[in-house]
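The values are calculated or read from the model by the stated rules, or taken from the named source; none is laboratory data. Being a predicted model, the structure only gives us computed values, none of them experimental. Here the Cβ positions follow ideal geometry from the backbone for every residue, glycine too, while neighbour counts run over all protein chains shown. Just the protein is used for accessible areas: all its heavy atoms, side chains included, with ligands, DNA and RNA removed. Shrake-Rupley method; radii C 1.70, N 1.55, O 1.52, S 1.80 Å.
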Amino acid sequence: MSKSAQRLSLKLCLGFSIGTVGVSIMLNAVTAYFPAFMSTVLGQSPEIAGYLLMGSKLFDALIDVAVGAMSDRTRSRWGRRKPYLLAGGLLSAISFLMIFNPLTTGEHALVPYMIAALLVYSLAYSLFNVPYMAMPAELTNGFHERTRLLSIRTVFVSIGQLLSMAGTAALINCGGGSEQGYALMGLIMALIIGGAM
């Protein structure tokens, strides 16, 4: 039976789609909460937070090309995408924890620390997401099966968005809305990110 004629199993579709929960949390929670965390909790100017976030997004745009090229050329016993998914998933959880549980809050060390944390975050996001988004075309040649796969993924995008906005807000409030709240949110969401990815 040709690849285009095979129906993808529900297990494969769900296994593929759940990774997007971590991607959604990474993207949405950092974009929404990092500036507030930096300014209201860590006492930095919103301008600095904005510049740091912008720099990480520019780095992400550059690193995407390199990760895509490396992923396309990789040959391993696990395939060409899975090693990047594993590395990206682990680094994503670590970087999320780094961002919302900073090891230092000292006046001179915080900004360099956050630069490093955001660069790890951007690298991790690219390591996972670039190969991840290349996979549907490799899982099936069938238009209808690829549409079905991406439709199921869309359900998990919604779950990730709900967790990244409402779930994170609830955890921050549960921790008192202060540094402890962000630390609690960072830890729990890092575990979800690592597990989903």
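In the chain, Cα pairs under 8 Å separated by at least six residues give a relative contact order of 40 percent. Between Asp64 and His144, the modelled labels are 3.2 nm apart [label points 7 Å from Cα along Cα→Cβ]. Averaged over its residues, the chain has an accessible area of 50 Å² per residue, based on protein heavy atoms and a 1.4 Å probe.
Taking the helices alone, the chain has a mean residue ellipticity at 222 nm of -25500 deg cm²/dmol, built from -39,500 (n - 2.57) per DSSP H run of at least 4 residues and averaged over all its residues.
By Kyte-Doolittle mean hydropathy of at least -1.0 and Cα axial length of at least 18 Å, which whole DSSP H helices of the chain are selected?
19-36, 46-73, 82-100, 110-139, 143-162, 179-196
Could you rank the peptides 43-49, 165-171 by their average count of other C-beta atoms within 10 Å per residue, with the highest value first? All intermediate terms of the calculation are to be shown ahead of the outcome.
Numbers: 43-49: 13.7, 165-171: 16.6.
Averaged packing, sorted descending, gives the order 165-171, 43-49.
Element breakdown for the chain at a 1.4 angstrom probe: carbon and sulfur atoms account for 68% of the accessible area. Can you compute the label reach from Met54? Point 7 Å from Cα along the Cβ direction, backbone N cut-off under 13 Å, restricted to the range 23-46. Residues passing the 13 Å test: 46. Just checking the listed ones, Pro83, Pro136, Pro112: in the Gaussian network model of the chain with Cα springs under 10 Å, the one fluctuating most is Pro112.
Would you please name the chymotrypsin sites (Phe, Trp or Tyr not before Pro) within the range 1-104 that are DSSP coil residues with at most 12 other C-beta atoms within 10 Å of their C-beta? Passing sites in the range 1-104 are Trp78.
If each residue of separation counts as 0.36 nm, what is the full-extension length gain between Ala32 and His108 once their alpha-carbon separation is subtracted?
On the way: separation 76, 0.36 × 76 = 27.36 nm, distance 2.46 nm.
Value of the extension gain: 24.9 nm.
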